[in-house]
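Reading through the structure tokens given below for one structure.
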Amino acid sequence: MPEISEATLLRIFVAENDRLHGHPLYHVLVEKARELKMAGATVLPAPVGFGQSRMVRCDLNVDAGPHLPIVIEIIDSEENIARFLPAIDGMIDSGLVTLEKVKAIFYRSAAKSTEPVAAQPS
Amino acid sequence: MEVPHDAVLLRIFTSVADRWKMGPLYLGIVDKARELHLAGATVLRGPLGFGQSGKLHRGNLLPLTQDLPVVIEIVDSEDKINEFLPVLDEMMESGLVTIERAQVLHYGRQRAGLMSRLKQQLGISAGPPLVH
């Protein structure tokens, strides 16, 4: 049986066209997560959605433009998520951030890691 | 097939580029889930992400070197998911698997189809539903 650990799932709901210093916000958030050595991040686009503004954003609606919803998911230990949250404070202008407790199995491939294998605790 | 109200959501985070035998890993996992009669599987593809290696997974102009993140979601009873975990363990090389509790409100076709609804509206007595 694989080793199961407790982790926290952080989900950030923003719009595709949200920007920070001229860069797409989701890109900035992923870069920030990478900088802080979080376990990983995944960006998932959504075809339809609405938020606080009550505007329905849909990829079929030409007028809506690139306002589609984007979800960024980061799964890491509770401490690491707590460390990450202050770092992104103020970056998200309008959006939603949720936290969930999950059980996680981390598969770490020695071959694919950029770090030397010897440096990894077994 | 029935899924209990108290079920488990299994999510598998991998890359499009990850392989299992001759094909992509995400297809292998979906095929395996089908083979083992799990309730269902959904593959979600993301345009950007990173994992343990710290390398950014992103789209590339060359279609052969696509390395995008994929998430496979499977919802089924706790027993079925626990049965599936060792099988998945054999397939995974690097990536992340998460397990969450989920409450299933609807699975499969529980509502009568279009024909019976039409018949109802037209006042024709509908026979027993064909599909449960």
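Checking each residue in the stretch A:27-48 for being part of a loop (DSSP other than H, G, I, E, B) and hydroxyl-bearing (S, T, Y) picks out no residue at all.
Of all residues in the stretch B:47-63, those that are free of Cβ contacts under 8 Å to residues at least 40 places away in the same chain have Cβ atoms under 8 Å from Cβ atoms of residues that are hydroxyl-bearing (S, T, Y) and part of a loop (DSSP other than H, G, I, E, B), 6 or more apart or on another chain, in B:G54/A:T114; B:K55/A:T114.
Of all residues in the stretch A:9-26, those being surrounded by fewer than 18 Cβ atoms within 10 Å (Cβ to Cβ) and either assigned to a loop (DSSP other than H, G, I, E, B) or acidic (D, E) (or both) number 3.
Looking only at the stretch B:75-118, which residues are charged (D, E, K, R), touching a strand residue (DSSP E or B) at 6+ places or on another chain (Cβ under 7 Å) and within 7 Å of chain A (Cβ to nearest Cβ)? Matches in the stretch B:75-118: B:E93, B:E100. Across the stretch B:82-95, not a single residue is classified as closer than 24 Å to A:L99 by Cα, at pLDDT 95 or above and not β-branched (V, I, T). Are any residues in the stretch A:11-36 without any contact (Cβ under 8 Å) to a residue 60 or more places away in the chain and closer than 13 Å to A:I70 by Cα, and if so, which ones? Residues satisfying the conditions are A:E16, A:N17, A:R19, A:P24, A:Y26, A:H27, A:V30. Of everything listed in (1) facing another protein chain (nearest Cβ under 9 Å); (2) at positive phi, the single unmet condition for B:G46 is (2).
Yes or no: the stretch B:1-11 includes at least one residue that is out of contact with any helix residue (DSSP H, G or I) (no Cβ under 7 Å at 6 or more places or on another chain), closer than 26 Å to A:S77 by Cβ, among the acidic types (D, E) and assigned to a strand (DSSP E or B). Looking for residues that are out of contact with any helix residue (DSSP H, G or I) (no Cβ under 7 Å at 6 or more places or on another chain), closer than 26 Å to A:S77 by Cβ, among the acidic types (D, E) and assigned to a strand (DSSP E or B), one finds none in the stretch B:1-11, hence no.
The values are calculated or read from the model by the stated rules, or taken from the named source; none is laboratory data. Predicted, not measured: the structure shown is a model, and the values here were computed from it. We place every Cβ from the backbone using ideal geometry, glycine too, and count neighbours over all the protein chains shown.
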